[in-house]
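Notes for the one structure printed next.
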Amino acid sequence: MKRPLCVVLGLLVAAVFFLLRVMQVMEDSGLPDQATVTITGTICGKEEKISSFSGMKQLVVYLKTVNGRKVMLYLDDAEYKLPMGCTLKVFGKVKNFPVSTNPGEFDSRSYYRILKIEYSLTDISIIGIGGKEDVLKEFLYRARVYFEGILDKTLAPEDAGVMKAILLGDKNQLSDDIKDAFKNNGIIHIIAVSGMHISILGMSLYKLLRKAGIRVFVASVISAILMFMYGEMCGMSTSAFRAIVMFAVRLGADVIGRSYDMLSAMALSGIMLIVSCPLYLMHSGFLMSFGAIIAIGYVLPAMPDALRKGKLKIISTSVSIMLVTLPVNMCFYYTYPVYSIVLNLFVLPLMSVLMLMGILSIVLGAVFIPAGYAVGCGCRLIIKWFLICCNAGSAMPGNTWYAGHAAIWQVIIYLLLLFAFVVIKSVTRKNAPSPDPNERRRDELREKKYDRLRYTILAFGLFVLCIRIRPELRITVLDVGQGDGIVVETKTANYLIDGGSTSKNDLAKYQLIPFLSYRGIGRLDAVIMTHEDEDHVSGIMDLITQMNESGSSIRIDNLILPKVNDGSKGDKYKELESLAKKSGIGVSYIGREDKINNRDVEIDCIGPVKNMITDEPNAHSTVLYIKKDGFKGLFTGDVDGMGQDNLRDYVRKHREEFSDITLLKVAHHGSRYTTDEEFLSIIRPKVAMISCAKNSIYHHPHKELLERLDKIGAKTYITAENGAISTSVKGKNVEIKTYLD
């Protein structure tokens, strides 16, 4: 059997994938937040992070407990020496990693469980230290700290952060702006310690040893050991482990005089990783790393012969990697940087130079800081060039493709068709052309026929993977904590009603944009601000700011504000209005009896009364009435006081129209002072949705309000309990799904 290890890896992946689909593998720690516990374990890792609260460096220690799980310890002021390998007994408060409550949102708990980290501890008291120090691991940790210190002295802070990530695997001091620029333009892979790093460093070392006259076996052992130590120093990511195993196999082939097979070496490393932790199949870094090797080994040979020669090879290699990793992007990131293939042509050739200069900067800086600083100027110039490339990519139109989330069935069909694309090429390829001209002609015609078939199969596979069927009407009440954020999708348009929170920071970055990307929404036809309170506008302001700063952010066409008297507009109202106008966003105003134009659904405004005068923002909340076939939805913002009285009077006068509402977005996060009995007795909603924070400081939703909803028979959903709540309307059918169920 050819490449038996690849077959074993394929069968193992299929079996693990099936088991992960049918089994519950992400269990909770069983400990509530703020629970006080005492634990004992072995120190298996350390790193310095910048505290998000104090902005100061903070020591993070990873403790491996008896059950094999790890606990992350945040130590603000370590009084004791904490060497690697020692046993540590501590007392502290549990802090569980947050779970995703919205589609597209990063799930910290799942991510850390894949890394076998169960929870973190804060407010720690060290009870005892014992055991034996792991001399090698402690040496590698101190070496990394020492090298990072030299980079700090020889480079500017931002450049030092980049070089620490590239050379030492430490991304904790990488600027968010640079990280986002690299990510948005598809070159984020350069800061991951992977095959490129190991091949550059390891093969350079191996060749130097051989040129020095050292025997193959000795040079191979020295090189493999040093690369393993380098991987350990950098944190031994899955990509680093894969690259080091493949490097060791490559050297082993030289030692025994056998040919090196890249795919078999990759399969060996994959088997080792999956056996050690099956959950790696849910890790994007693992899938990207192995996908790139599979692309080079299998897909690249199936590309046109003309594109696999000379300078064009890097393009065909990039396209091959894109074809294999595209499903990973769609399952984890939901967007794709359109110009990444081109940008990599300007970045990758300089990586070996950048790494060499970074190493020289450390070596020379250890002896004489000015010498290290001089070499560091080369690093600064190359990093500057990378950022120029990123800025150029971001400035180009359509630089980000909002692909949206691909379903598992789409990914499976695509991969099967990609497999067919490769196999047809391999089984129809002739090793040598026939000496007979007629036979050669027949072979060429036959090959062209099969190529047309292959590319048709590939195009159909891409169509299946990329197709996204637009909903007739889908309304999602996001879990934004204490605030509101509602996304309305129709066949032809997308709207955001409010977007703010007082309990979650960076709402746009961590909740709104990920959800919109998940849905494949790169442009909002309108953002509708019901009123100006912080818990309704903070995310909107961030969206507009990011739209100005980044060409890869969500685009907004229009901002719709409540049409009230100028004297009733508060500071936030005016600030948002001004920000939108400066950003080139159309600004319009809406009041009772106005409509939002949409040919698929009816969107009517029934509040506030036009040019309303009030000093209370809640009172002039925009109230929207959405109709589609038999569906009727009422979205009330935070309406209360005078606005609530006006709304009650209006629905009373139009009782027949507003009776038996399908869906009510309850006002003011479920406050007892809104959504009164008379109002509910008229509209009698079948479903009520409440957006509020878990353990809200205002104790939303209030018991009295919930009792009123229960009395009229409404089915109530609460974002704090259910996560995002999605309502899909298909003809006369209405389907409600909650993210956490």
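Derivation of every value follows stated rules applied to the coordinates shown; laboratory data play no part. Everything numeric here is computed off the predicted structure, so don't read it as measured data. Cβ atoms come from the backbone with ideal geometry, glycine included; neighbour counts cover every protein chain shown.
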Quiz prompt | Cα-based shape type of the chain, given that a ≥ b ≥ c are square roots of the gyration tensor eigenvalues and the cut on a/c is 1.5 | solution = prolate
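Given R₀ = 56 Å, FRET efficiency for S125-E444 by Cβ-Cβ distance, to 0.05? Write down the numbers at each step before the final one.
Working: r = 77 Å, r/R0 = 1.38.
In this case the efficiency is close to 0.15.
Is the shape of the range 576-682 best called rounded, prolate or oblate, per the rule: a/c under 1.5 gives rounded, else a/b larger than b/c gives prolate, else oblate, with a ≥ b ≥ c the square roots of the Cα gyration tensor eigenvalues? Walk me through the intermediate numbers first.
Working: a/c = 1.97, a/b = 1.26, b/c = 1.56.
Oblate shape, in that a/c is at least 1.5 and b/c is the bigger or equal ratio.
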Quiz item: Can you tell which of G285, F228, A248 lies farthest toward the positive end of the dipole of the range 212-342, using +1 and -1 charges on the Cβ of basic and acidic side chains (Lys, Arg; Asp, Glu)?
Solution: A248
Quiz item: How big is the gap, in Å, between the Cα center of the range 141-184 and the Cα center of the range 197-267?
Solution: 25 Å
Quiz item: Which angle from 0 to 90°, rounded to the nearest 10, does the C-alpha axis of helix 641-653 make with the longest principal axis of the chain?
Solution: 70 degrees
Exercise. Can you tell me the dipole magnitude for the range 31-133 around its Cα centre, using point charges on the Cβ only (Lys, Arg +1; Asp, Glu -1), in Debye to the nearest 20?
Key: 380 debye
Self-check item: Positive-end residue, the range 588-741 charge dipole about Cα centroid, Cβ charges, pick of P701, P608, T719
Solution: T719
Quiz prompt | Among I294, S204, Y260 the positive-end extreme of the charge dipole of the chain (Cβ point charges) | solution = Y260
Exercise. May I ask for the angle, rounded to the nearest 10°, between helix 4-22 and the longest principal axis of the chain, with both axes built from Cα atoms and the value confined to 0 to 90°?
Key: 20 degrees
Practice problem: Past 25 Å, Cα to Cα, is the threshold; run K49/K207; K595/K703; K183/K694; K632/K711; K582/K632 against it and keep the listed order. | Solution: K49/K207; K595/K703; K183/K694; K582/K632
Quiz item: What is the gain in length, in nm to one decimal, between R3 and E158 on full extension, counting 0.36 nm per residue of separation less the C-alpha to C-alpha distance?
Solution: 51.3 nm
Practice problem: Give me the angle, in degrees from 0 to 90, between the Cα long axis of helix 351-367 and the longest principal axis of the Cα atoms of the chain, rounded to the nearest 10. | Solution: 80 degrees
Practice problem: Using the Cα centre as the reference, give the magnitude of the dipole from point charges on the C-beta atoms of the range 408-466 (Lys, Arg: +1; Asp, Glu: -1; all else neutral), rounded to the nearest 20 debye. | Solution: 100 debye
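Quick one: which of 442-453, 410-421, 289-300, 202-213 comes out on top by average Cβ neighbours within 10 Å, and what's the full order, highest first? Don't jump to the answer; show the numbers that get you there.
Working: 442-453: 12.5, 410-421: 17.6, 289-300: 22.0, 202-213: 14.8.
Top of the packing list down: 289-300, 410-421, 202-213, 442-453.
Using mean Cβ contacts within 10 Å as the protection proxy, how do 182-195, 10-23 order, highest first?
Values: 182-195: 22.2, 10-23: 12.1.
In decreasing order of mean packing, 182-195, 10-23 become 182-195, 10-23.
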Quiz item: Given charges of +1 on the Cβ of Lys and Arg and -1 on the Cβ of Asp and Glu, with all other atoms neutral, how large is the dipole of the chain about its Cα centre, in debye to the nearest 20?
Solution: 3820 debye
Practice problem: Express in whole angstrom the spacing between the alpha-carbon centres of the range 674-693 and the range 381-403. | Solution: 48 Å
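Helix-only mean residue ellipticity at 222 nm, the chain, DSSP H runs n ≥ 4 weighted -39,500 (n - 2.57), per residue, nearest 500. What is it? Before the final figure, lay out each step's value.
Working: 24 runs with 341 residues, N = 741.
Calculated from helices alone, the mean residue ellipticity at 222 nm is -15000 deg cm²/dmol.
Among rounded, prolate and oblate, which fits the range 408-466 when a ≥ b ≥ c are the square roots of the eigenvalues of its C-alpha gyration tensor, a/c under 1.5 means rounded, and a/b larger than b/c means prolate? Present the calculation step by step, with values, prior to reporting the outcome.
Numbers: a/c = 6.62, a/b = 2.88, b/c = 2.30.
Prolate is the answer for the range 408-466, as a/c is 1.5 or above and a/b outweighs b/c.
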